[in-house]
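Q: Structure incoming, see below.
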Amino acid sequence: MSQVVIVFDFDETIIDCDSDVWIANDLGGAALFNDLLKCMPWNAAAIRMMEELHAQGRSLDEMERSLKTIPLSPHTITAIKSAHALGYDLRILSDANTFFIETVLKHYGIMDCFTEIYTNPSCVDEERKLIISPYHDFTVSSHGCSLCPPNLCKGNVIERIRDAPSNKERTRFIYIGDGKGDYCPSLKLRTEDIVMPRKDYPLWRLIHGNVHAIEAEIHGWTNAFELEQLLLQQLSIEPDSSLVDSDDTQKLISPNNNTTGMATFQFLVSRV
């Protein structure tokens with residue numbers, strides 16, 4: 001017997017943007033973020049950007065309101081709710097942070113679908129400022145992986161999930177991601193596992209640059225509709241649109257949400 005663990009990346013996978021970029025663009029930090037990324041890793045730049053935004057008077061409430069305008073496709077919601085309803089173990093493994101991820105998931109009513117979120121921890125201090133820390137404190141020690149950023153090796157997390165003493169059954173993974181940081185965990189997957197890279201994103205290109213390095217089955221997807229259809233096909237589930245609240249659809253298409261303005265943003269550097 002085996003248990004199936006479905007692991008989602010967050011940025012550009014569950015949501016169709018990067019949450020750090022979204023905040024940078026929406027709160028006037030794009031130029032700063034671009035400059036920071038020229039001299040430091042992504043996570044360190046994101047942490048510094050949050051500090052600078054607070055110093056400029058941007059509040060936690062503004063950040064929360066901005067995160068709630070990130071659109072989330074009803075197709076993604078259906079896929080998540082359908083898999084959860086049948087008892088599959090859903091988890092998130094992301095280089096974002098807990099505040100960003102939990103704000104979006106709670107807003108769309110899918111927070112309870114996930115049993116675990118592995119990401120950079122965050123907290124709110126006494127001045128209501130968002131404090132983000134690296135998942136792995138690389139100032140103390142290295143996680144030892146040359147493929148991953150210094151703050152998070154996703155491959156190490158996959159191995160810990162697989163080797164957890166609580167797993168009495170063999171763990172099978174379905175891993176869904178898009179970025180360069182998703183390549184290491186893809187290499188950790190076995191023949192009984194499935195990796196679902198987003199087509200024409202870094203993970204897809206890395207996999208197809210050396211497809212024989214991947215033992216797992218490879219199933220690519222382009223958009224939320226294909227993600228829903230492909231995931232539910234792997235789980236032998238028929239899509240059920242009734243699992244999506246009408247409010248979820250309204251949030252996606254609301255004119256108050258900046259779903260069309262992304263092309264006008266001034267952010268020049270992308271994680272992907």
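Quick note: the coordinates plus some simple rules give every number you see, no bench work behind them. Predicted model only: the values in this text are computed from it and were never measured. Glycine also receives a Cβ, built like all others from the backbone with ideal geometry; neighbour counts cover every protein chain displayed.
Q: Loop-only chymotrypsin sites (Phe, Trp or Tyr not before Pro) in segment 10-55, please: DSSP not H, G, I, E or B, and at most 12 other Cβ atoms within 10 Å.
A: none
Q: Over segment 1-158, what is the relative contact order in percent, taking alpha-carbon pairs closer than 8 angstrom and at least six residues apart?
A: 25 percent.
Q: What is the distance, in nm, between label points placed 7 Å from the Cα along the Cα-to-Cβ direction at V140 and at Q234?
A: Roughly 3.3 nm, to one decimal.
Q: Quick query: amide H of V5 versus all other amide H atoms, modeled in the peptide plane; which residues come in under 5 Å with a sequence gap of 5 or more or a different chain?
A: For V5, whose amide H was placed from the backbone, the distant partners under 5 Å are R172, F173, I174.
Q: State the percent of C-alpha pairs, over all pairs in segment 8-101, separated by a distance greater than 23 angstrom.
A: Here the long-distance tail beyond 23 Å is 30 percent of all Cα pairs in segment 8-101.
Q: Could you order the peptides 70-77, 158-165, 202-209, 140-147 from most to least packed, using the average number of other C-beta atoms within 10 Å per residue?
A: Order by mean packing, descending: 70-77, 202-209, 158-165, 140-147.
Q: Sticking with this one: Taking the radius of gyration and the Kirkwood hydrodynamic radius from Cα positions alone, what is the Rg/Rh ratio for segment 109-153, to two decimal places?
A: Radius of gyration over Kirkwood radius for segment 109-153 works out to 1.09.
Q: What size of dipole, in debye to the nearest 20, comes out for segment 1-150 about its Cα centre when the only charges are +1 on Lys and Arg C-beta atoms and -1 on Asp and Glu C-beta atoms?
A: Magnitude of the dipole: close to 180 debye.
Q: Provide the FRET efficiency to the nearest 0.05 for the E62-R160 pair, computing r from the beta carbons and using R0 = 51 Å.
A: About 0.90, to the nearest 0.05.
Q: Expressed as cubic angstrom per residue, what is the convex hull volume of the alpha carbon set of segment 158-217?
A: 67
Q: What distance in nm lies between label points placed 7 Å from Cα along the C-beta direction at D112 and V211?
A: Each label point lies 7 Å from its Cα, and together they span 4.3 nm.
Q: Under a 5 Å amide H to amide H cut-off, with H placed in plane at 1.01 Å, what residues pair with E116 once short-range neighbours are removed?
A: Under 5 Å from the amide H of E116 lie the amide H atoms of I92, each far enough along the sequence or on another chain.
Q: Then there's this: Label-point separation (nm) for R91 and I218, each offset 7 Å from Cα along Cα-to-Cβ?
A: 2.4
Q: Picking from I132, I101, Y183, whose Cα lies most toward the positive end of the charge dipole for segment 54-198 (charges on Cβ: Lys, Arg +1; Asp, Glu -1)?
A: Y183
Q: Could you grab the relative contact order for segment 120-163? Cα pairs under 8 Å, six or more apart, rounded to a whole percent.
A: In percent, rounded to a whole number, it is 26.
Q: Among the trypsin sites (Lys or Arg not before Pro) within segment 13-60, which fall in a DSSP loop and have no more than 16 other Cβ atoms within 10 Å of their own Cβ?
A: Taking segment 13-60 and a limit of 16 other Cβ atoms within 10 Å, the loop trypsin sites (Lys or Arg not before Pro) found are K38.
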